[in-house]
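> Below are the C-alpha cells for one structure; questions will follow.
The values are calculated or read from the model by the stated rules, or taken from the named source; none is laboratory data. Bear in mind that the values here come from a model prediction, so they are computed numbers and not experimental data. With ideal geometry, Cβ positions are generated from the backbone for all residues, glycine too; neighbour counts draw on all protein chains shown. Side chains are part of the model used for accessible areas, which takes the heavy atoms of the whole protein and leaves out ligands, DNA and RNA. Shrake-Rupley method; radii C 1.70, N 1.55, O 1.52, S 1.80 Å.
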Amino acid sequence: MRLADSFRSERFGAVRIHELQRVIELDSGALADTLGVSGGSRIVGPEALRAVETQLVVIVPCMNETRSVIEGVLSGIPHDCLIVLVSNSDRGPVDRYEIEAQTVEQFCRLAGRSAITVHQRDPGVAAAFKAAGMDELIDDAGLIRAGKGEAMLVGMAVAAMTGRRYIGYVDADNYVPGAVHEYCKAYAAGLALAESPYSMVRISWHSKPKLRDGRLFFSRRGRSSEVTNEWLNRFLAEYSHFGTEVIATGNAGEHAMSLELGLKLRLAGGFAVEPYEYVDLFEQFGGILESPHPEVMASSVPVLQIETRNPHFHDNKGEEHVVSMRMQALNVLYHSQITLPAVRQAILDFMVSQGALEIGQEPPRERVYPPVGTLALDLLYDALDAEAQTFCQLDGRAAAGLPASPPIERDRIPV
C-alpha cells in the first residue's frame, strides 16, 4: 500500500495527531523493502502488512444485519486477521444471533480460519465481566448495557485474551467488502509506520454516497462527523491559540490501535465511544493532568488518519441516529475536566441553539468505563467458558483438516 506522506502533525502533550494521509495505491507492488519513502509517499510492502495482520484482531460490532451483509464484511477481512463478532441482535421472535453465529461458522469452515462470536446481552457474559472486576458494565437487569461502546469494550477484552498485539474495528453494516478490505490494509499500513508501541489509526472514508433526485451524490463528510471534528479542533485551538482542522476522524467507527494503548484507554458507552477516545487521549497523555502512565508520556501516542479510496455504503439509520451521535460527542467534550471554559460555554450555546437543551440545562454525562487492562483476564476467560452460552471459539483450520489453531489458549492468557 502506498500512502501520501504526513508532513505535518499537531502535538498535545505526548499525543501526536498526523494530518490526513491519502491512500495513493491500494497495492504498491512486491517491493524488496517492506517500508520505504518515495517521492512524498510512504510505501508499506506485503511483508510489513502481513506482519501486522497476523497480530491483528478485527472486532465486528453487529446488530440485526442481514446474512448477506455480514458475509460480505467477513470476506473483506484479510485472511491472517482473527475475527471477533460481538452481537447485540434480537434473540426473538427470530434468533438473529444464531443466524450470525452460523454465518461466521460456515465462513470459517470454508476459508480455513478462526473466529470468536459472542452476544453482549448473554447473562453469562455479564457474570464473566462481573467476576473479572467490571461491575460498571452491568445494568439493572444484570446484563451488559446495550450500547456500541459496550460492544467494543467486550470485543477488546476478548482480543486481549488472544495474545495478539493489535485490534481494529469494522462496523457490520458495510455493504462493500472491498471497503472493509481496504480499511484493514490501512490499519496494517498505519500501525507498521507508527514509531511508537502506543499507536492508533483512524479512517476517514473517501465519500459517503447518498441518493438525490435519482442520482448518486458522493458526499465528502458525514453530518455527524462535521460537527464532532469542528468541536474537537476547537478544543485544540483554545489551547494553542491557532485555528486548526487537523482532526478529521472524530467519529471514526473504523479505527485500530495497539493493544498496549487500548488496554490503557477508558471507553465511553453508546455512540460516545469514538470521540471519547480522543478526549481520553488528551486527558491521560496531553500533559495537562498527571498521567497514570509515565512510560507512555516518555514515548509518544501517534494518531495516524488515513483517507481511503472506497466509498462508504451503509444503511441509513435516520436523522435521530445522526443527532444522537452529535450530542453524545459534545457531551463527553463538555464534561472533560480539561475542556477550557470558553469551549464549554460555546458547546452549551450550540446545544441550546440546536434544540438539544433548554436554557439553564447542562448536557448529560455519558457512561465511562475503566480500562480493559484493569480486568482479570484469566477469570474472565474461565467464566465465559463456563457460563456464557453464546461464547463460541471457531477453529476453521481444524475443521479444514489443518493443524488446530484455537483463537484463545488458556495457558497463554496475559495475567
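> With a ≥ b ≥ c taken as the square roots of the eigenvalues of the C-alpha gyration tensor of the stretch 259-305, please select rounded if a/c is under 1.5 and otherwise prolate if a/b is larger than b/c or oblate if it is not?
On the way: a/c = 1.80, a/b = 1.58, b/c = 1.14.
Taking the square roots of the gyration eigenvalues as a ≥ b ≥ c, the stretch 259-305 is prolate.
> Something else now. Using the Cα centre as the reference, give the magnitude of the dipole from point charges on the C-beta atoms of the stretch 245-306 (Lys, Arg: +1; Asp, Glu: -1; all else neutral), rounded to the nearest 20 debye.
Working: 2 positive and 9 negative charges, 15 e Å.
Computed about the Cα centre, the dipole is about 80 debye.
> Scale the Cα Rg of the stretch 341-415 by the rule-of-thumb value 2.2 N^0.38 Å and send over the ratio, two decimals. Provide the component values of the computation, followed by the final result.
Numbers: Rg = 23.5 Å, N = 75, 2.2 N^0.38 = 11.3 Å.
Here the Cα radius of gyration is 2.07 times the empirical estimate.
> Shifting gears a bit: When the helix-only estimate is applied to the chain (DSSP H runs of n ≥ 4, each -39,500 (n - 2.57), divided by the residue count), what is the mean residue ellipticity at 222 nm, nearest 500 deg cm²/dmol? Please list the in-between numbers first.
Working: 14 runs with 159 residues, N = 415.
Using -39500 (n - 2.57) per qualifying helix, the result is -11500 deg cm²/dmol.
> Assuming R0 = 25 Å, what is the FRET efficiency of GLU71 and ALA404, from their Cβ-Cβ distance, to the nearest 0.05?
Working: r = 25 Å, r/R0 = 0.99.
That pair, GLU71 with ALA404, gives E of 0.50.
> Ok, one more. With the cut-off at 1.5 for a/c, could you classify the stretch 61-168 from its C-alpha gyration tensor as rounded, prolate or oblate?
Numbers: a/c = 2.26, a/b = 1.32, b/c = 1.71.
Oblate shape, in that a/c is at least 1.5 and b/c is the bigger or equal ratio.
> GluC sites (Glu not before Pro), restricted to the stretch 235-322: which are DSSP loop and have at most 11 other Cβ atoms within 10 Å? Let's see the in-between values first.
Numbers: sites: GLU238, GLU245, GLU254, GLU260, GLU277, GLU283, GLU290, GLU295, GLU307, GLU319, GLU320; in loops: GLU245, GLU254, GLU290.
Those that pass, being in a loop and sparsely packed, are GLU290.
> To the nearest 0.05, how large is the calculated FRET efficiency for HIS241 and ARG367 if R₀ is 35 Å and r is the Cβ-Cβ distance?
Values: r = 33 Å, r/R0 = 0.95.
So the FRET efficiency works out to roughly 0.60.
> When ligands, DNA and RNA are left out and all protein chains stay put, how many square angstrom of accessible area per residue does the chain have with a 1.4 Å probe? Could the numbers behind the result be given before it?
Values: 17300 Å² over 415 residues.
Here the residues of the chain average 42 Å² of exposed surface.
> Next question. Treating only the Cβ atoms of Lys and Arg (+1) and Asp and Glu (-1) as charged, compute the dipole magnitude of the chain about its Cα centre; round to the nearest 20 debye.
Values: 39 positive and 54 negative charges, 179 e Å.
Here the size comes out at about 860 debye.
> Can you give me the distance in nm between label points at ASP382 and GLU295, each placed 7 Å from the Cα along the Cα-to-Cβ direction?
Output for this residue pair reads 2.5 nm.
> Further question on the same structure: So if each residue of separation counts as 0.36 nm, and I subtract the Cα-Cα distance between VAL323 and ARG11, what length gain in nm does that give?
Roughly 109.3 nm would be gained on extension.
> Which net charge results for the neighbourhood of HIS293, defined as the other residues with beta-carbon distances under 15 angstrom from its beta-carbon, given Lys and Arg at +1 and Asp and Glu at -1?
Working: positive: LYS264, ARG266; negative: GLU260, ASP280, GLU283, GLU290, GLU295.
Overall, the nearby charge balance is -3.
> Could you identify which residue out of GLY147, GLY39, GLY76 has the top mean-square fluctuation in a GNM of the chain using Cα springs shorter than 10 Å?
It is GLY39.
> Projecting each Cα onto the charge dipole of the chain (Lys/Arg +1, Asp/Glu -1 at the beta carbon, about the Cα centre), which of GLY373, LEU20, LEU56 comes out farthest on the positive side?
Projecting each Cα onto the dipole axis, the largest value belongs to LEU20.
> What shape does the chain take by its C-alpha gyration tensor, where a ≥ b ≥ c are the square roots of the eigenvalues and a/c under 1.5 counts as rounded, a/b above b/c as prolate, and the rest as oblate? The partial results should precede the final answer.
On the way: a/c = 1.36, a/b = 1.16, b/c = 1.17.
It comes out rounded by the Cα gyration axes.
> To continue, here is another question. For the stretch 57-178, give the percent of accessible area contributed by carbon and sulfur heavy atoms, probe 1.4 Å, rounded to a whole number.
50 percent
> Work out how much length GLN393 to GLN102 would gain on full extension: take 0.36 nm times their residue separation and subtract the Cα-Cα distance, in nm to one decimal. All intermediate terms of the calculation are to be shown ahead of the outcome.
Numbers: separation 291, 0.36 × 291 = 104.76 nm, distance 1.22 nm.
Length gained between GLN393 and GLN102: 103.5 nm.
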